[in-house]
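Asker: For reference, the structure I am asking about is given below.
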Amino acid sequence: MTDCGCDKAKAELEEYLHRELSEQDFRDITDHLENCEDCTGEHLVGLTLTLKMQKACQEKAPEELRAAILSKLG
């Protein structure tokens, strides 16, 4: 375990939230978050925003609109 430090944890927070880091970097940031209240707060804010965006992006266009657009594309 190495403490990656606040700078790295904050700089790579977005990638961390989306699991777009190497396993080692992911573990390093996870370890850091367990011991840093400031970074943990930022992580929780980022996680909340990410989950809200994922939920909001699940909406689908009405089937008639989808069909009309797909027919014009094809």
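The values are calculated or read from the model by the stated rules, or taken from the named source; none is laboratory data. The structure displayed is predicted, hence computed values, not measured ones. Glycine also receives a Cβ, built like all others from the backbone with ideal geometry; neighbour counts cover every protein chain displayed. Calculation scope for accessible area: heavy atoms of the full protein, side chains included, ligands and nucleic acids excluded. Shrake-Rupley method; radii C 1.70, N 1.55, O 1.52, S 1.80 Å.
Asker: May I ask you to compute the full-extension gain from MET53 to ARG66, defined as 0.36 nm times their residue separation minus their alpha-carbon distance, rounded to one decimal in nm? Write down the numbers at each step before the final one.
Answerer: On the way: separation 13, 0.36 × 13 = 4.68 nm, distance 2.16 nm.
Stretched out fully, the MET53 to ARG66 stretch lengthens by 2.5 nm.
Asker: In what sequence, largest accessible area first, do SER71, SER22 appear using a 1.4 Å probe?
Answerer: Details: SER71 85, SER22 60 Å².
Sorted descending by solvent-accessible area, the residues read SER71, SER22.
Asker: Using heavy-atom solvent-accessible surface (probe 1.4 Å) with all chains present, what is the largest-first order of LYS10, LYS55?
Answerer: Values: LYS10 80, LYS55 150 Å².
So, going from the largest accessible area down, we get LYS55, LYS10.
Asker: Next question, about the same structure. Please give the calculated 222 nm ellipticity per residue for the chain, where each DSSP H segment of at least 4 residues contributes -39500 (n - 2.57) and the sum is spread over every residue; nearest 500 deg cm²/dmol?
Answerer: Theoretical 222 nm ellipticity from helices: -22500 deg cm²/dmol.
Asker: Also, quick follow-up: Ordering ARG27, ARG19 by how much accessible area each has at a 1.4 Å probe, largest first, what is the list? Could you put the intermediate results ahead of the total?
Answerer: Details: ARG27 115, ARG19 135 Å².
Output order, biggest surface exposure first: ARG19, ARG27.
Asker: To continue, here is another question. With r defined as the distance between the Cβ atoms of LEU73 and THR30 and R0 fixed at 35 Å, what FRET efficiency is calculated, to the nearest 0.05?
Answerer: On the way: r = 43 Å, r/R0 = 1.23.
The formula returns an efficiency of 0.25 here.
Asker: How high is the relative contact order of the chain? Use alpha-carbon pairs under 8 Å, at least six apart in sequence, and give a whole percent.
Answerer: On the way: 37 pairs, mean separation 23.4, N = 74.
After rounding, I find 32 percent.
Asker: Any idea which of LEU44, ALA56, ILE69 is furthest toward the positive side of the dipole for the chain, if Lys and Arg beta-carbons carry +1 and Asp and Glu beta-carbons -1?
Answerer: It is ILE69, whose Cα lies furthest towards the positive end.
Asker: Right, next: For CYS4, what accessible surface area do you get with a 1.4 Å probe? Give it in Å², rounded to 10.
Answerer: Rounded to the nearest 10, the figure is 30 Å².
Asker: In addition: Please list, or write none, the aspartates and glutamates whose alpha carbon is within less than 13 Å of the alpha carbon of LYS60, excluding same-chain residues fewer than 8 places away.
Answerer: Within the straight-line limit of under 13 Å, LYS60 reaches no aspartates and glutamates at all.
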